[in-house]
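Following: one structure in structure tokens, then a few remarks.
The values are calculated or read from the model by the stated rules, or taken from the named source; none is laboratory data. None of these values were measured; they are calculated from a predicted model. For neighbour counting, all protein chains shown are included, and Cβ atoms are generated from backbone atoms with ideal geometry for every residue, glycine included.
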């Protein structure tokens with residue numbers, strides 16, 4: 001991502017204490033960079049077991065602190081919660097247990113007592129195949145993780161940077177509606193129980209067709225327009241000109257630059273962004 005490559009990643013820009021710097025959800029690389037086949041199977045089983053309850057908790061009653069990538073890695077690699085040694089990894093697992101709480105941690109069992117098959121987005125997958133999972137399973141799981149990270153990072157930032165727009169019930173409803181309009185599909189927790197995209201029209205800002213992606217991008221811009229230091233072009237919806245749309249792509253790049261730098265300044269890491 002060019003916007004991340006050119007962002008000023010000097011740690012002095014990170015504003016401590018404004019937002020917890022932990023990760024609301026596992027990063028995609030935790031699943032794509034697993035070298036051990038058995039570890040990959042364990043990661044997938046543990047995430048699929050913990051996923052529904054953790055999504056609900058983050059949405060309804062988010063904790064004050066979130067796990068670091070290493071804590072997520074240690075949690076997803078949990079084989080048993082019964083016996084934890086005094087190793088550094090065990091200490092990390094105990095720390096993440098304090099964040100996720102017992103009910104979620106106890107859902108994870110690694111390879112112990114799992115069924116022969118699991119169901120994910122209408123697909124039945126044999127657990128024995130999870131060490132080399134079907135591409136459709138991995139694509140859909142990674143897509144959802146991207147959406148989860150993007151949505152809740154954006155929500156968390158908006159709570160801080162547009163706090164006055166969350167101060168009353170009426171303004172909060174308007175802000176939530178705008179936030180949900182940035183991603184295609186339903187709103188609220190039901191958005192995470194929907195079928196994953198099958199058509200280009202369901203890809204939102206990720207759609208390769210600018211005519212499909214532009215309305216979602218404009219909703220994104222409208223939300224960002226109230227943040228401190230927002231570029232002035234965010235105040236007005238971007239329109240296609242039918243002559244190459246160079247201004248549209250310029251606005252997209254400037255918006256990405258602003259969002260990426262702002263996210264780094266408050267979260268201290270690369271944001272999830274279409």
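Of the candidates 24, 57, the single residue that is touching a residue at least 12 places away in the same chain (Cβ under 8 Å) and in contact with a helix residue (DSSP H, G or I) (Cβ under 6 Å, 6 or more places away or on another chain) is 24.
Within the range 167-199, which residues are part of a helix (DSSP H, G or I), modelled with pLDDT under 75 and touching a helix residue (DSSP H, G or I) at 6+ places or on another chain (Cβ under 8 Å)? If you could, list the steps in order and put the result at the bottom.
Quick first cut of the range 167-199, residues part of a helix (DSSP H, G or I) only: 169-180, 188-192.
Checking which are modelled with pLDDT under 75 leaves us with 188-192.
Residues satisfying the conditions are 188, 189, 191, 192.
Taken over the range 12-46, the criterion of being part of a helix (DSSP H, G or I) and more than 16 Å from residue 141 (Cα to Cα) is satisfied by 12, 13, 37, 38, 39.
Just a yes or no: is a residue in the range 100-107 in a helix (DSSP H, G or I) and at pLDDT 85 or above? Checked against the condition, which is being in a helix (DSSP H, G or I) and at pLDDT 85 or above, the range 100-107 yields no hits at all.
Please work out if residue 263 is under 24 Å from the mean Cα position of the chain (by Cα), surrounded by 12 or more Cβ atoms within 10 Å (Cβ to Cβ), assigned to a helix (DSSP H, G or I) and at negative phi.
Values: under 24 Å from the mean Cα position of the chain (by Cα): yes; surrounded by 12 or more Cβ atoms within 10 Å (Cβ to Cβ): yes; assigned to a helix (DSSP H, G or I): yes; at negative phi: yes.
It is true that residue 263 is under 24 Å from the mean Cα position of the chain (by Cα), surrounded by 12 or more Cβ atoms within 10 Å (Cβ to Cβ), assigned to a helix (DSSP H, G or I) and at negative phi.
Let me confirm something: among 178, 196, 234, 223, which residue is closer than 30 Å to residue 43 by Cβ and out of contact with any strand residue (DSSP E or B) (no Cβ under 8 Å at 6 or more places or on another chain)?
Working: 178 fails: closer than 30 Å to residue 43 by Cβ; 234 fails: closer than 30 Å to residue 43 by Cβ; 223 fails: closer than 30 Å to residue 43 by Cβ.
Among 178, 196, 234, 223, only 196 is closer than 30 Å to residue 43 by Cβ and out of contact with any strand residue (DSSP E or B) (no Cβ under 8 Å at 6 or more places or on another chain).
Taking the criterion of being surrounded by fewer than 12 Cβ atoms within 10 Å (Cβ to Cβ) and either over 23 Å from residue 17 (Cα atoms) or at pLDDT below 90 (or both), would at least one residue in the range 215-222 satisfy it?
Taking the range 215-222 as the starting set, the residues that turn out to be surrounded by fewer than 12 Cβ atoms within 10 Å (Cβ to Cβ) are none.
No, because not a single residue in the range 215-222 is surrounded by fewer than 12 Cβ atoms within 10 Å (Cβ to Cβ) and either over 23 Å from residue 17 (Cα atoms) or at pLDDT below 90 (or both).
For the range 70-99, filtering for residues that are touching a helix residue (DSSP H, G or I) at 6+ places or on another chain (Cβ under 7 Å) and either in a helix (DSSP H, G or I) or modelled with pLDDT of 70 or more (or both) leaves 15. Residue 249 meets the conditions (1) assigned to a loop (DSSP other than H, G, I, E, B); (2) out of contact with any helix residue (DSSP H, G or I) (no Cβ under 7 Å at 6 or more places or on another chain) in every case but one. The failed one is (1).
Of the residues 225, 168, the single one that is exposed (fewer than 12 other Cβ atoms within 10 Å of the Cβ) and more than 17 Å from the chain's Cα centre (by Cα) is 168.
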